[in-house]
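The next block holds one structure in the form of structure tokens; read it before the comments.
Please treat every number below as a calculation from the coordinates, not as lab data. All values reported here derive from a predicted model rather than from experimental measurement. A quick note on method: Cβ atoms are made from the backbone with ideal geometry, for glycine too, and the neighbour counts reach across all protein chains shown.
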Amino acid sequence: MILSDTRILEEISKGTIKIEPYNRLCLGSNSYDVHLGKWLATYREHILDAKKHNQIEYFEIPEDGFVLYPHIFYLGVTEEYTETHAHVPFLEGKSSTGRLGIDIHATAGKGDVGFCGNWTLEISVKQPVRIYKGMPIGQLIYFPVEGEIEVKYNQKQNAKYSGQPDKPIESMMWKNQF
């Protein structure tokens, strides 16, 4: 079951869902539109290593936009800071974004109860496309959770992505033991 617009509004008023900045016009019938923040990043190395801390370089999207190219993996960020304390948030691309050939996540579309931060986007494109900061990039949908949550994500000792800033965050796979 997905929360409707009225249920999302109820949860915002209760404080279990937080979206900043919030704009009522971005609330759909069962989702909330999020926007591309001003920062993008790319990995410094061409070959990434899952056991290594792969460094990224940040750059700001200029006012006249930035062209994304296929075969380059970009990390972006949502303009919105969100908190979700009682539901599972899912970030999906908008159909208009998809119709431009833009994928906003490789695999990480699901958040956890207790996620607090800006969402890092895993962006790839099918053909060159110019993007702009502040453009609608995706939508958040919320699912209720059945059962009690023992430890929320923001309370986990090993939560690698809790409190994400308004800049993209690189993979923290290297922090795992394997």
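A crude spin-label estimate for the pair MET173 and ARG99, with each label 7 Å from Cα along the Cβ direction, gives 3.4 nm.
A simple spin-label model places the labels of PHE66 and SER162 2.9 nm from each other, with each point 7 Å out along Cα-to-Cβ.
Overall, the chain carries a charge dipole of about 280 debye about its Cα centre when +1 sits on the Cβ of Lys and Arg and -1 on the Cβ of Asp and Glu, all other atoms neutral.
Computed over the chain, the per-residue total of -39500 (n - 2.57) for DSSP H runs of n ≥ 4 gives a 222 nm mean residue ellipticity of -2000 deg cm²/dmol, rounded to 500.
In nm², what is the average projected area of the convex hull enclosing the Cα atoms of the chain? Don't jump to the answer; show the numbers that get you there.
Values: hull surface 43.8 nm².
Averaged projected hull area, Cα only: 11.0 nm².
Per-residue Cβ neighbour counts within 10 Å put ASP103, ASP64 in the sequence ASP64, ASP103, beginning with the fewest. Length gained on full extension, GLU20 to ILE149: 44.0 nm, using 0.36 nm per residue less the C-alpha separation.
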